[in-house]
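These notes concern the structure reproduced below.
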Amino acid sequence: MAFGAIILFCAVVLDRLIGDPRSRLHPVALLGTVIGWWGKTNTYPKRLERITGIVGWLITVLIFILPFLVICLIPETYWYIQLPLAAVLLSFCFASRSLEEHVAAVETALGKGDIEGRAAVQMLVSRDVKKLSTEQIRSAAYESAAENLVDSIVAPIFWFAVFELLFGMGIVGAALFRAANTMDAMLGYTDDRIRIGWFSARMDDVLAWIPARVTGALLILIFVCRKRAGKAVAAYRTDHKKRPGFNGGIPMSLIAGGCGVMFDKPGVYTIGVPEQTLEKGGRCIIRTLRETLILFSAVVILTLVLI
């Protein structure tokens with residue numbers, strides 16, 4: 001178990017120092033290519049799209065976790081080979097630094113004007129950005145970061161811990177979640193992808209259900225230390241169900257309340273009370289993401305060491 005703790009520590013350090021390399025050969029980019037091969041709508045008979053989505057999900061997961069599994073099967077005597085390979089692959093499964101970089105890119109673009117800001121934020125969200133105000137552009141960026149606190153940080157580490165404790169194969173658990181979440185991101189919509197992406201969306205909800213609530217507990221603890229827990233919990237109680245889905249509203253509402261900002265998706269929801277603008281409150285959101293990563297990683301590492 002202590003070896004798993006070392007792998008996680010090294011992966012977190014790698015992610016913070018290097019980030020998520022942008023390359024066509026990145027494992028998640030290759031995963032997206034595989035999903036693109038079979039996840040096309042209007043290719044199969046309508047009655048077969050749901051079963052295609054299920055079979056495609058299973059095959060894609062198996063393909064993606066295979067190299068992670070091979071690394072886990074390297075004999076312990078070759079730890080000096082297994083450790084760096086496992087740490088690098090695990091770092092590909094979460095994206096703490098890249099979340100910050102995406103938000104920073106939007107802020108930089110807004111410095112040039114709203115048109116540039118809209119173009120930058122369109123890379124993060126699927127909503128229509130043509131009529132968004134400056135504050136709504138920032139809201140879209142910071143909403144994406146807050147929601148992805150679960151998908152890109154806590155959930156991969158959570159499933160790493162579960163698989164490490166149960167099977168001694170933590171990186172396989174992280175890979176499983178990353179594959180499932182990527183398929184949801186590409187296929188889990190209510191447009192013409194609704195049938196082929198139905199299973200991907202449901203599996204992502206299931207796999208993120210516990211991590212989302214773990215994230216909620218971590219955020220409350222962080223805001224207790226900042227003496228903002230009351231505001232965070234109040235926003236959670238009134239607003240967490242406004243965001244569609246079972247999980248995304250939890251971190252979004254707690255962060256909005258704890259940081260005193262409002263997330264605004266025009267015509268869909270407003271979450272939180274705007275005590276300050278997102279231009280000022282954005283620093284609180286980024287700080288919260290970092291502290292959640294550090295806190296949860298420390299808890300998992302300590303657990304693995306003690307067990």
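The values are calculated or read from the model by the stated rules, or taken from the named source; none is laboratory data. What you see is a predicted model; the values in this text were computed from it and never measured. Glycine gets a Cβ as well: all are built from the backbone with ideal geometry, and neighbour counts include every protein chain shown. The area values use the complete protein model at the heavy-atom level, side chains included, leaving out ligands, DNA and RNA. Shrake-Rupley method; radii C 1.70, N 1.55, O 1.52, S 1.80 Å.
Regarding the stretch 204-307, what's the average projected area of the Cα-atom convex hull, expressed in nm²? Approximately 7.2 nm², given one-decimal rounding. Taking the chain as a Gaussian network of alpha-carbon nodes connected by springs under 10 Å, the highest mean-square fluctuation of the residues Gly19, Gly113, Gly170 belongs to Gly113. Residue by residue, the stretch 194-209 carries 3J(HN,Hα) couplings of 4, 7, 6, x, 4, 5, 4, 5, 5, 5, 5, 4, 5, 5, 9, 4 Hz when phi is fed to the Karplus relation 6.51 cos²θ - 1.76 cosθ + 1.60 (θ = phi - 60°); x denotes Gly or Pro. Calculated on the alpha-carbon coordinates, the convex hull of the stretch 1-110 measures out at 142 cubic angstrom per residue.
Surface listing: Met186, Met203 arranged by accessible area from highest to lowest gives Met186, Met203, probe 1.4 Å. Judged by the ratio a/c of the largest to the smallest principal axis of the C-alpha gyration tensor, the stretch 153-228 counts as oblate, that ratio being 1.5 or greater while a/b is no larger than b/c. Summarising the label geometry, the points placed 7 Å from Cα in the beta-carbon direction at Glu116 and Tyr44 lie 4.4 nm from one another. Karplus-derived 3J(HN,Hα) values for the stretch 242-252, using 6.51 cos²θ - 1.76 cosθ + 1.60 with θ = phi - 60°, are 5, 7, x, x, 8, 10, x, x, 5, x, 5 Hz; glycine and proline are entered as x. In this structure, the pairs whose alpha-carbon distance is over 32 Å, taken from Lys130/Lys241; Lys112/Lys227; Lys130/Lys227; Lys112/Lys241; Lys131/Lys227; Lys130/Lys280, are Lys112/Lys227; Lys130/Lys227; Lys112/Lys241; Lys131/Lys227.
In the chain, the DSSP-assigned H stretches of four residues or longer account for a calculated mean residue ellipticity at 222 nm of -23500 deg cm²/dmol, using -39500 (n - 2.57) per stretch and the full residue count as denominator. Measuring from label point to label point, each 7 Å out along Cα→Cβ, what is the Thr190 to Ile6 span in nm? For the pair Thr190/Ile6, the computed spacing is 5.0 nm. Using a 4.7 Å Cβ-Cβ cutoff, the cysteines of the chain lacking any partner cysteine are Cys10, Cys72, Cys93, Cys225.
For Lys231, the aspartates and glutamates whose Cα comes closer than 15 Å to its Cα, not counting residues fewer than 8 places off in the same chain, are Asp239, Glu275. Note on the chain: Cα-Cα pairs beyond 32 Å make up 28% of the total pair count.
Tell me the net charge near Ile210. Cut-off is 14 Å between Cβ atoms, Ile210 excluded, with +1 for each Lys or Arg and -1 for each Asp or Glu. That works out to -2.
Reported to the nearest whole Å, the Cα centre-to-centre distance from the stretch 131-162 to the stretch 58-89 is 27. Taken one residue at a time, the phi angles of the stretch 259-266 give Karplus couplings (6.51, -1.76, 1.60, θ = phi - 60°) of 9, x, 10, 10, 9, 10, 10, x Hz. Gly and Pro are set to x.
Calculate how large, on average over all directions, the projected area of the Cα convex hull of the stretch 96-195 is; give the answer in nm² to one decimal.
Projected over every direction and averaged, the Cα hull of the stretch 96-195 covers 7.3 nm².
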